[in-house]
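The values are calculated or read from the model by the stated rules, or taken from the named source; none is laboratory data. Just so we're clear, the structure is a prediction, and the values are computed from it rather than from any experiment. Here the Cβ is made from the backbone with ideal geometry for all residues, glycine too, and neighbour counts use every protein chain on show. The accessibility values were calculated without ligands, DNA or RNA, using every heavy atom of the protein model including side chains. Shrake-Rupley method; radii C 1.70, N 1.55, O 1.52, S 1.80 Å.
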Amino acid sequence: MLIRFLHLCHLAVAVICVMGAGAATAEDGVAFFKASEAAPHTVSLKGEWGFVWGALLSPTEAHRAFVTDDIVRAPVPARWQDFLPKSPNNPFLHGVATYVAPVEMPETDASMVLALSAVLEAYRIYWVPLDQPEAWHLVAEEGHVQGPPLAAIRNQAHEFHGQGKGLLVIQVRKDVFGWSGINSWNGIRHKPEITPTDVKMAERIGHELILGIAVGIIMFTMAQNLLLFSINRTDKAPLYLAVGCLLVAMRALILWDKVELWFGAEWFILRMRLEMLNIVVASSMLMGLNKALLPSFYPQWIMRFVMTLVAGLGVFIVAAPPDVMSAALPVYQLHSLFVCGASFWGIARAIINREKGASFVCFALSILVIGAVHDIFSVIVLAYELLLVEYAFVGTMVCYTFLIGQRFAQSQRRADSLMAERATLQRMHRAAVNSARIDHLTGLLNRQAFDHEFALAWEKMAATHTAVSVVLFDIDHFKQVNDTHGHPVGDVVLRCLGETLKEAQMRRHDKLCRYGGEEFAIILPDTSEEEAARIAERLRAEIAAMHIALKTGTILRVSCSFGVAQAKSPTTSVGELLSNADDALYAAKRSGRNRVQRFSGHDCKSRAA
């Protein structure tokens, strides 16, 4: 019933077209298509033509039928299914027909072209002078009027050299798709007409420019959303929008017959299947996009139902015969209408619940719906000459991109805030760890940190079979400093010593620690005892050169005694290494202090010696 209703609508449009055609005027009882005063060099061919079903009349036969009025009248543009009787044996009315239009050409020296929107499927055009029918000539031929099926490329413009009064004869063959005749391919804007070449070229260039700009914007939008999705793969909205942009760009190229122009006219069936499939998939991608933006308001069952419909219709479009597949266009449009309705249902729920961004999603989708509704009326109401759906697609995609960009910017700001909080927590953690590892008086590592670092150095020595050395040293006569000057001065000495040690040029993996009281330790991984002794000697000299100024004006000078020991093999225990370094330290003190003593250099076994 829906298909029949749409057919009746097409027929009504065609009848209105005939009734309102001002370019066809009567002369001597015969209605000729003429140029109008508003466009003195353009002949509009929208109106009533002669029509013969089931025969390809030759130019002279067409002329005879017109002169004898042995011909029926049919509206153009229209499909012949709209006015021919239905046949159960030929439901899609496959066959041939001949159209005849009486035309009176304006007197002009301009080069003229015959512009046809869509003649389905193949056609051959003749010009027959009314007074000299034997002087007919072929204007153009597109597709296969005879032989194997091959459809014509739509929206063609052919050079036209007819003059005066004559008949425009078009032979048409249709045996593949479900519709036929001389159609208004893109609404009444692309009506059949004879017009100057420069006018048509300007119009064609304008259309190509609009197409290029639209496809460029859409492809840029697709690339932008793919980039957003690559940055944040948890948000599926940019991916849905990118796929939607790709489908819209493909549809624009398909409707402008770029498939046939690029790959050849034999691709016309594949192009039609892609066009129908695009209708089904694009609307579903739009609903997926809305669900990704407003996930709480679209139940999962409705998405599964829509995807099931898409799969079923997709299989039908790919597998069905071309005529059955193309005649089911109202079904695909109903599917798109249902998907749009389901999308608005979810958006309405989101608006009622005051979901952020729902109103803008409604606005973006409304742009597309308004454009589609406008174009439906532009076909029915002949006063309209402008189609908006192409621009509406671009506007909708841009609005969705803006919304997704806003969501992405907000998520990035949240991510930056979380990163800043994380960095703050990490700094606080490091500060807490350092506070637990650092001796607050000297600024060196404390005994707890020494135990940890020494364990790591020992594990590395066992794993890599390298040497590790330890240096123990303490301040000579430090008890005397405390007894003479007081403990606050002793703290000053420790603090100054810590500053001197921190400024010493040590390797990155060497660790300086306050071992306890006035005693200090150095962990030297991958260092022999001889190398450790040289490092200790350098530190001893720097400490001996210190001048510690007290508030009383007194200058203190301190020295340190150093003991050096090396673990030469894994058989040496941790306790043994530290004991060896401690023995060497006491040997240095017995030898006069302010010196470096290696454990292997002297007999350091007995502290009482």
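Sorted on the mean count of surrounding Cβ atoms within 10 Å across their residues, most packed first, peptides 577-590, 291-304 read 577-590, 291-304. For the chain, the longest principal axis of the C-alpha atoms and the axis of helix 237-255 are separated by about 30°.
If R₀ is 45 angstrom, what is the calculated FRET efficiency for the pair Thr234 and His547, using the beta carbon separation as r and rounding to 0.05? Please report the intermediate quantities before stating the final value.
Numbers: r = 63 Å, r/R0 = 1.40.
After rounding to 0.05, the efficiency reads 0.10.
Remark on Val113: its backbone amide H falls under 5 Å from those of Phe160, Thr195, Thr197, a criterion applied only to residues 5 or more positions apart or on other chains, H modelled at 1.01 Å from N. Annotation: amide H of Thr42 within the under-5 Å range of Ser36, sequence separation 5 or more or interchain, hydrogens built in the peptide plane. Segment 538-592 and segment 389-404 have their alpha-carbon centroids 77 Å apart. Charge tally around Ala420: other residues with Cβ under 14 Å, Lys/Arg +1 each, Asp/Glu -1 each, net +2.
Quick one: with all protein chains in place, what share of the accessible area of segment 201-413 is carbon or sulfur, to the nearest percent (1.4 Å probe)?
75 percent
Rolling a 1.4 angstrom probe over segment 43-191 with all protein chains present gives an accessible area of which 49% lies on carbon and sulfur atoms.
With the cut-off at 24 Å, tell me which of the pairs Lys165/Lys258; Lys258/Lys291; Lys479/Lys568; Lys460/Lys568; Lys34/Lys200; Lys165/Lys200 have Cα atoms farther apart than that. Spell out each step's value before the answer.
Details: Lys165/Lys258 36 Å; Lys258/Lys291 33 Å; Lys479/Lys568 35 Å; Lys460/Lys568 13 Å; Lys34/Lys200 18 Å; Lys165/Lys200 22 Å.
Violating the 24 Å limit, Cα to Cα: Lys165/Lys258; Lys258/Lys291; Lys479/Lys568.
In order along segment 134-143, the phi-based Karplus estimate (6.51 cos²θ - 1.76 cosθ + 1.60, θ = phi - 60°) of 3J(HN,Hα) comes to 6, 8, 5, 8, 7, 8, 6, 9, 10, x Hz; Gly and Pro are listed as x. Distance between the C-alpha centres of segment 139-179 and segment 228-279: 29 Å, rounded to the whole angstrom. The apolar share of the surface of segment 446-588, taken as the fraction of accessible area on carbon and sulfur atoms (1.4 Å probe, ligands and nucleic acids excluded), comes to 51 percent.
Among the trypsin sites (Lys or Arg not before Pro) in segment 209-279, those placed in a DSSP loop whose Cβ has at most 16 other Cβ atoms within 10 Å are Arg233, Lys236.
Sorting 153-166, 413-426 by their mean Cβ neighbour count within 10 Å, with the most densely packed peptide first, gives 153-166, 413-426.
Restricting the count to DSSP beta bridges whose residues both fall in the chain, what percent are antiparallel, rounded to a multiple of 5?
Working: 75 of 82 bridges.
Just about 90 percent of them are antiparallel.
Go through 113-119, 336-342, 91-97, 391-397 and give me the packing order, highest mean Cβ count within 10 Å leading.
Ranking the peptides 113-119, 336-342, 91-97, 391-397 by packing returns 113-119, 391-397, 91-97, 336-342.
Shown in residue order for segment 154-171 are the 3J(HN,Hα) couplings computed by the Karplus curve 6.51 cos²θ - 1.76 cosθ + 1.60 at θ = phi - 60°: 6, 6, 9, 10, 10, 4, 10, 10, x, 9, x, 8, x, 10, 9, 10, 10, 8 Hz (x for Gly and Pro).
Given the chain, what whole percent of its Cα pairs are spread farther than 31 Å? All intermediate terms of the calculation are to be shown ahead of the outcome.
Details: 122553 of 185136 pairs.
Every Cα pair in the chain considered, those over 31 Å come to 66 percent.
Considering every alpha-carbon pair of segment 419-516, the percent of pairs per 5 Å bin, from zero through the bin containing the longest distance, is 2, 11, 16, 19, 17, 14, 11, 6, 3, 1, 0. Label sites at Ser359 and His161, each approximated as a point 7 angstrom past Cα along Cα to Cβ, lie 6.5 nm apart.
Near the amide H of Ala122, within less than 5 Å, lie the amide hydrogens of Ala152, Arg173, all on another chain or at least 5 residues away, with H placed in the peptide plane.
Any chance you could give the angle, 0 to 90 degrees and rounded to 10, that helix 358-380 forms with the longest Cα principal axis of the chain? In the chain, helix 358-380 runs at an angle near 20 degrees to the longest axis.
Near Gln566, within a Cβ-to-Cβ distance under 15 Å, what is the net charge of the other residues, with Lys and Arg +1 and Asp and Glu -1? Mind dumping the intermediate values first?
Numbers: positive: Lys460, Arg534, Lys568, Arg598; negative: Asp510, Asp526, Glu529, Glu530, Glu531, Glu576, Asp582, Asp583.
Taking every Cβ under 15 Å from that of Gln566, the sum is -4.
Give me the net charge of Thr466's neighbourhood, meaning all other residues with Cβ under 15 Å from the Cβ of Thr466; Lys, Arg count +1, Asp, Glu -1. Walk me through the numbers on the way to the answer.
Values: positive: Lys460, Arg507, Lys568; negative: Glu459, Asp510, Asp526, Glu529, Glu530, Glu531.
Local charge sum for Thr466: -3.
Taking each residue as 0.36 nm, the span from Ile555 to Glu503 lengthens on full extension beyond its C-alpha to C-alpha distance by 16.6 nm. For segment 76-132, state which trypsin sites (Lys or Arg not before Pro) are in a DSSP loop and have at most 13 other beta carbons lying within 10 Å of their beta carbon. Of the trypsin sites (Lys or Arg not before Pro), the ones in loops of segment 76-132 whose Cβ has at most 13 other Cβ atoms within 10 Å are Lys86. Derived scalar couplings between HN and Hα for segment 201-212 equal 5, 5, 5, 5, 5, x, 5, 5, 5, 4, 4, x Hz in order, rounded to whole Hz, by the Karplus curve 6.51 cos²θ - 1.76 cosθ + 1.60 (θ = phi - 60°), x for Gly and Pro.
Given a 1.4 angstrom probe, what's the average accessible area per residue across segment 39-123, in square angstrom? The partial results should precede the final answer.
Details: 3350 Å² over 85 residues.
The answer is 39 Å² per residue.
Within segment 449-517, which trypsin sites (Lys or Arg not before Pro) sit in a loop by DSSP and count at most 16 neighbouring Cβ atoms inside 10 Å?
Passing sites in segment 449-517 are Arg507, Arg508.
Against the main long axis of the alpha-carbon atoms of the chain, helix 300-319 sits at an angle near 50°.
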